[in-house]
Amino acid sequence: MKKKLIAVAGFAVALAGTVATAGPALATTSGTCVDTKVCVYKEVSYAGSQYSMDGYQTTSQITSSLVNETDSWKNRTNYTSFDLIDAADIFHAEALLNTLGANTNKADLGAKINKADFIRRT
Ligand SMILES: [Ca+2]
């Protein structure tokens, strides 16, 4: 309840201000990696920004803010495995960083952190 009052008070102060300014960007959270998705995370242990790919897709380029910034990932599909790929593009000079079977996770990519560019169904 106290938190709600503070939020309301903050809103009132913002309204009273003569210049409307945008607040700081909302902190990104790890969110929820729902069933049927493959998700990558900026931080180890599935923390920080999240990018998710639908499990029916064969390939997905990781969103630009997480390219070369992925530390952990999850495969929430229950029917196939996916590869995490380091590549300039999906057709050239790729390196396989990690493979996750159906319903498996990797909390820390270790030496392979901050390299992934693509997710691809195996
Ligand atoms: Ca890369």
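The values are calculated or read from the model by the stated rules, or taken from the named source; none is laboratory data. Computed from a predicted structure; not experimentally measured. What goes into the accessible areas is simple: the full protein's heavy atoms, side chains included, and nothing from ligands, DNA or RNA. Shrake-Rupley method; radii C 1.70, N 1.55, O 1.52, S 1.80 Å.
Hey, if we sort Ser64, Ser45 by accessible area with the 1.4 Å probe, largest down, what's the order?
Numbers: Ser64 105, Ser45 75 Å².
These residues rank, largest area first, as Ser64, Ser45.
Residue separation times 0.36 nm, minus the C-alpha to C-alpha distance between Ala102 and Thr122: what's the value?
6.1 nm
Give the accessible area for Glu94 in Å² (nearest 10); use a 1.4 Å probe, count only protein heavy atoms, and leave out ligands, DNA and RNA.
80 Å²
Rounded to the nearest percent, how much of the accessible area of the range 52-93 (1.4 Å probe, protein heavy atoms only) is carbon and sulfur?
Working: 890 of 2020 Å².
Carbon with sulfur: 44 percent of the solvent-accessible area.
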